[in-house]
Amino acid sequence: MNLEVLNSNTQTRETQAEITPDIALDLLKAGNKRFVEHKKANRDLLNQVKDTGSGQYPFATILSCIDSRVSSELIFDQGIGDIFSVRIAGNFVNKDILGSMEFACKLAGTKLIVVLGHTSCGAVKGACDNAQLGNLTSMLQKITPAVEAVSEPADPSLRNSGNIEFVNNVAKHNVTLTIEKLLAESPVLAEMKEKGEIKIIGAMYNIHTGIVEIY
């Protein structure tokens, strides 16, 4: 399968059917490489608007943060109709997000779920600092388990947003815990993963380099 052609053309029912979870991951990796190297795929986005007017056939679902620097379509160099993009501060899951992902994979046919964290995440910083502000307070509590799971440094004075290494370690652990929660609370997605129908992976985006690290 020609990845360059797939990355340039609008996804169709036929191309989506041919994409495996591994191919979907390769498409995103290739897209991020183009992004970093400033070599965007040749697309006519307005034509893609017309092509997708009667239906959509994305190959991946990406859960990422609302951070303005972390647009999945841009950092993976994808076009209209290529991916479902779920965005919430701290890239965690709840029932509404899980339902959206179940729709994306089981009904709309995406082959890959990426839980994408990023460096210097503001939501993670807030959780590290135990920030208190309206509805933000309860939202940040979703990230607290990741803060508690990172044991080093033990010194309380270093376990805050001022320690960017700590923040980034928490962000990465938050991705891992989010995937675990996703599998535990969505039998639909867990079964699809078990059958090899989808792949679920974690990744971290570096806001300084533009590089996505898959793990």
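The values are calculated or read from the model by the stated rules, or taken from the named source; none is laboratory data. Treat the numbers as computed from the prediction; the structure is a model and nothing was measured. Positions of Cβ are backbone-derived with ideal geometry, glycine not excepted, and every protein chain shown enters the neighbour counts.
Please list, ordered by residue number, the helices (runs of 4 or more DSSP H) wholly in region 1-107 having 3 or more residues that are touching a strand residue (DSSP E or B) at 6+ places or on another chain (Cβ under 8 Å).
Qualifying helices (runs of 4 or more DSSP H): 21-36, 72-75, 95-102.
How about region 129-170: which of its residues are among the hydroxyl-bearing types (S, T, Y) and surrounded by 13 or more Cβ atoms within 10 Å (Cβ to Cβ)?
T144, S161
All but one of (1) part of a helix (DSSP H, G or I); (2) modelled with pLDDT of 95 or more hold for A203; which doesn't?
Going through (1) part of a helix (DSSP H, G or I); (2) modelled with pLDDT of 95 or more one by one, A203 breaks only (1).
Out of all the residues in region 33-52, is one or more touching a Phe, Trp or Tyr at 6+ places or on another chain (Cβ under 6 Å) and small (G, A, S)?
no
For region 116-128, how many residues meet the condition of being surrounded by fewer than 24 Cβ atoms within 10 Å (Cβ to Cβ), small (G, A, S) and touching a residue at least 60 places away in the same chain (Cβ under 8 Å)?
Residues that pass the stated criteria total 1.
Somewhere in region 117-129, is a residue more than 17 Å from the chain's Cα centre (by Cα) and more than 20 Å from G202 (Cβ to Cβ)?
yes
V167 fails exactly one of the following numbered conditions: (1) under 14 Å from the mean Cα position of the chain (by Cα); (2) part of a helix (DSSP H, G or I); (3) more than 16 Å from L98 (Cα to Cα). What is the number of that condition?
Here V167 clears every test but (1).
Among the residues of region 119-142, is there at least one that is among the aliphatic types (A, V, I, L, M), under 30 Å from T20 (Cα atoms) and assigned to a loop (DSSP other than H, G, I, E, B)?
no
Taking region 32-55, which residues are loosely packed, with under 13 Cβ neighbours inside 10 Å and in contact (Cβ under 8 Å) with a residue 40 or more places away in the chain?
G55
Considering only residues that are of a type in the set (D, E) and either farther than 14 Å from Q78 by Cα or at pLDDT 95 or above (or both), which ones fall in region 26-66?
D26, E37, D51
Does region 171-181 contain at least one residue that is surrounded by 21 or more Cβ atoms within 10 Å (Cβ to Cβ) and touching a Lys or Arg at 6+ places or on another chain (Cβ under 8 Å)?
no
If you scan region 31-64, which residues turn out to be touching an Asp or Glu at 6+ places or on another chain (Cβ under 8 Å) and of a type outside the set (S, T, N, Q)?
Correct list: G31, R34, F35, K40, A41, P58, F59, A60.
Looking at I23, I113, which is the one that is buried (at least 21 other Cβ atoms within 10 Å of the Cβ) and at pLDDT 95 or above?
None of the others qualify; the one that does is I113.
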